[in-house]
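The structure appears right after this line, and notes come after that.
The values are calculated or read from the model by the stated rules, or taken from the named source; none is laboratory data. Predicted model, so just to flag it, every value in this text is computed and none were measured. A quick note on method: Cβ atoms are made from the backbone with ideal geometry, for glycine too, and the neighbour counts reach across all protein chains shown.
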Amino acid sequence: MLSKIITVSFFLSLTIFSFAQCKSGKNTALQNKIVTQPNNPMANQSTTSKFNSDKSMELYLKKNIRRADPAIHFEYTVYDVKTRKVIKKGTFRGARIEWNDTMSLKLIAYIGMEQKPTSENPEEALLNQSPARITIVKLHK
């Protein structure tokens, strides 16, 4: 008889304890709290400035590195150093931007997945194959 009372009281206390855990005030406080997070917590931004070889123009780069995208998103602006006049402004998604010579920029694309060749001729595909896709942007003062 005593063991039956102990068993019933044990299960009764266990039931009350488990219901008490579900109704804790700490959990309801977390449910009512509004959590604000930035839109892209893993975004990484940096800015750099590079001069051309004769230091007559300045390339201002703003890099946005996003978590889900392996390529870098660039916003670039080229200024004339003496007049501070904007010569070229644009955006580019790729691997790198650098000076090609004193009057042009080299935009290097990000090479990720292999793409289908434009021609079915294998000799043509081998001739056109380059390790990186490079775009040259001419600058005019």
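At-a-glance table
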read-out: Cross-chain or 6+ apart pairs with Cβ under 8 Å, the stretch 1-24 first and at pLDDT 80 or above, then surrounded by 10 or more Cβ atoms within 10 Å (Cβ to Cβ); value: none
read-out: Subset of the stretch 80-107 (residues that are among the aromatic types (Phe, Trp, Tyr) and out of contact with any Leu (no Cβ under 8 Å at 6 or more places or on another chain)); value: none
read-out: Enumeration of residues in the stretch 53-91 that are surrounded by 13 or more Cβ atoms within 10 Å (Cβ to Cβ), more than 26 Å from residue 111 (Cβ to Cβ) and touching a residue at least 24 places away in the same chain (Cβ under 8 Å); value: 56, 57, 80, 81, 87
